[in-house]
Amino acid sequence: MPDHDTLYRSLPVQDLRLADATLPYRCHGTGPDLLLVHGFPLSGYTWRKVLPALAERHRCHIIDLAGLGGSVWDEKTDFSFEGHARRLKALVDHLGLQRYDLLSQDTGATITRCLALMDPARARRQVMINTEIPGHRPPWIVEYQYLMRLPFTPAVFRLLLKSRAFQRSAMAFGGCFDDLDLIDGDFHREFIAPCVSEPRRIEGLRDYLIGANWPTVDAFATRHAEFHEPVLLLWGEDDPTFPLPRARAMLPQFRDARMVTIPRAKLLPQEEKPGEVAKAVLEFLSG
């Protein structure tokens, strides 16, 4: 297997400097343009395991969203789904992309749906991995949105993240992995350890999470029909955050949508089953 970590870290990092945030991005590969957008509480690094296969056929553009990863933000940053989408459109403009496909996961796929509605002339096919569903509220997300508004919560959360038991609980990453050992290693180093050692990382998670606006998600129940290009729902079968039966019920909302499910995977199949994810994405985009 290739050293995914070394490849990802070897890619040149460029900064997109905008009025309300600075977003780092990386580009790799040859072929039709593909924009990769991560979810909460991750960064572009989550695509490292699927990148080698995708980059053989696509020019991959990977970004860190505001509040997460290596981004820079402040009190003026718009953390709504639409705000994130406007910054993605600025990246597309900056890169001069004429047409592009979308691969996204979790809140990233809500943001790319907003982008596709903003930019219908250029946005093409969409692959959505385990993402928000109209009318559905994951209980722990709503609870965290409330708790993160309290002044002491970020400090308490940093302390809790030092505990391996908490990391593996349903209130942290237990619902993200079928194989909990994957929480250790490079995932821990990239996504957990910085939250413990850097208060600013927790502040970014807080602002990103609070900015998630549910009316936008619920509006997709009718707005999904506005997508004229094909859509693939790629789903970890055992995800407790966005349950598979609710995802299946969302399929008829689209004009042209299909679903591929991944056994023994939860919220983060790109981390757990990267080979299966890359295969499904490439087959869909080549069809």
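The values are calculated or read from the model by the stated rules, or taken from the named source; none is laboratory data. Since the structure is predicted, the reported quantities are computational estimates derived from the model, not experimental observations. Note that we place each Cβ from the backbone using ideal geometry, even for glycine, and neighbour counts take in every protein chain shown. Ligands, DNA and RNA are stripped out before the accessible areas are found, and what is left, the full protein with its side chains, is counted by its heavy atoms. Shrake-Rupley method; radii C 1.70, N 1.55, O 1.52, S 1.80 Å.
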message = Against the condition charged (D, E, K, R) and in contact with a Leu (Cβ under 6 Å, 6 or more places away or on another chain), how does residue 168 come out, does it pass?
response = yes
task = Could you tell me which of the residues 216, 222 is closer than 23 Å to residue 143 by Cβ and either open to solvent by less than 70 Å² (accessible area, probe 1.4 Å) or out of contact with any Lys or Arg (no Cβ under 8 Å at 6 or more places or on another chain) (or both)?
result = 216
message = Name the single residue that is nearest to residue 131 (Cα to Cα) among those in region 262-271 being of a type outside the set (Gly, Ala, Ser) and open to solvent by less than 40 Å² (accessible area, probe 1.4 Å).
response = 267
note = Exactly one of 121, 172, 85, 165 is touching a Cys at 6+ places or on another chain (Cβ under 8 Å) and free of Cβ contacts under 8 Å to residues at least 40 places away in the same chain, and that one is 85
request  = Output the number of the condition that residue 161 fails; it satisfies all remaining conditions of (1) touching a helix residue (DSSP H, G or I) at 6+ places or on another chain (Cβ under 8 Å); (2) open to solvent by 60 Å² or more (accessible area, probe 1.4 Å).
outcome  = (2)
remark   = Requiring at least 1 residues that are open to solvent by less than 20 Å² (accessible area, probe 1.4 Å) and among the acidic types (Asp, Glu), the strands (runs of 3 or more DSSP E) wholly within region 50-150 are 100-105
ask   = From the list 173, 177, 187, which one is open to solvent by less than 10 Å² (accessible area, probe 1.4 Å), assigned to a loop (DSSP other than H, G, I, E, B) and of a type outside the set (Ser, Thr, Tyr)?
value = 177
query = Is there any pair linking a residue in region 179-208 that is in contact (Cβ under 8 Å) with a residue 24 or more places away in the chain to one that is open to solvent by 50 Å² or more (accessible area, probe 1.4 Å), with Cβ under 6 Å and at least six apart or on different chains, and which?
reply = 195/201; 196/158; 196/162; 202/158
ask   = If residue 251 passes every condition in (1) in a helix (DSSP H, G or I); (2) surrounded by 19 or more Cβ atoms within 10 Å (Cβ to Cβ) but one, which one does it miss?
value = (2)
ask   = Would it be correct to say that residue 282 is closer than 23 Å to residue 217 by Cβ and in a helix (DSSP H, G or I)?
value = no
task = Among the candidates 30, 77, single out the residue that is among the polar types (S, T, N, Q), touching a residue at least 60 places away in the same chain (Cβ under 8 Å) and in contact with a strand residue (DSSP E or B) (Cβ under 7 Å, 6 or more places away or on another chain).
result = 77
Tabulated pairs, region 125-137, first farther than 13 Å from residue 212 by Cβ, second modelled with pLDDT of 95 or more and assigned to a loop (DSSP other than H, G, I, E, B), C-beta under 6 angstrom, 6+ apart or interchain = 125/229; 125/230; 130/239; 130/242; 130/267; 133/242
request  = Kindly list, by first and then second residue, each pair from a residue in region 1-15 that is open to solvent by less than 80 Å² (accessible area, probe 1.4 Å) to a residue that is modelled with pLDDT of 95 or more and part of a loop (DSSP other than H, G, I, E, B), limited to pairs with Cβ atoms under 6 Å and residues at least 6 apart or on different chains.
outcome  = 4/48; 4/49; 8/48
